[in-house]
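One structure is given below, encoded as structure tokens.
We did not get these values from a lab; they are worked out from the coordinates using the rules stated. Computed from a predicted model, the values in this text were never measured in an experiment. Here the Cβ positions follow ideal geometry from the backbone for every residue, glycine too, while neighbour counts run over all protein chains shown.
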């Protein structure tokens, strides 16, 4: 889904913010601007003028750098979401297997035990 921008400067400001991410609690705007500058190869002062929409113009090479880094940030976010989904699915499987084992420790199947990596079910002392 493409976003609509009223101007090139609005697009550049949005790209600068994406280049600075992900944002953590406690991050300062100054720190985010520096991070975006470091990632794009633009100066911190230049990113600041873009960030606050004070730039009078955006050069083509600046917009290219912002778009390139924003595209990379999007790919990194997509990869992280995929890894999170895989982790959540694995955790759900483990929780289900653990629930079955807790409900009936002697009746847990060998497959469930192997899935959890616990070997043979033994009574607890």
Across segment 15-37, what is the total count of residues that are under 19 Å from residue 76 (Cβ atoms), loosely packed, with under 14 Cβ neighbours inside 10 Å and free of Cβ contacts under 8 Å to residues at least 24 places away in the same chain? 4
Just to be sure, is residue 8 surrounded by 11 or more Cβ atoms within 10 Å (Cβ to Cβ), on the phi < 0 side of the Ramachandran plot, more than 16 Å from the chain's Cα centre (by Cα) and free of Cβ contacts under 8 Å to residues at least 60 places away in the same chain? yes
Could you check segment 38-53 and list, in sequence order, the residues that are free of Cβ contacts under 8 Å to residues at least 24 places away in the same chain and farther than 22 Å from residue 76 by Cα? 43, 44, 45, 46, 48, 49
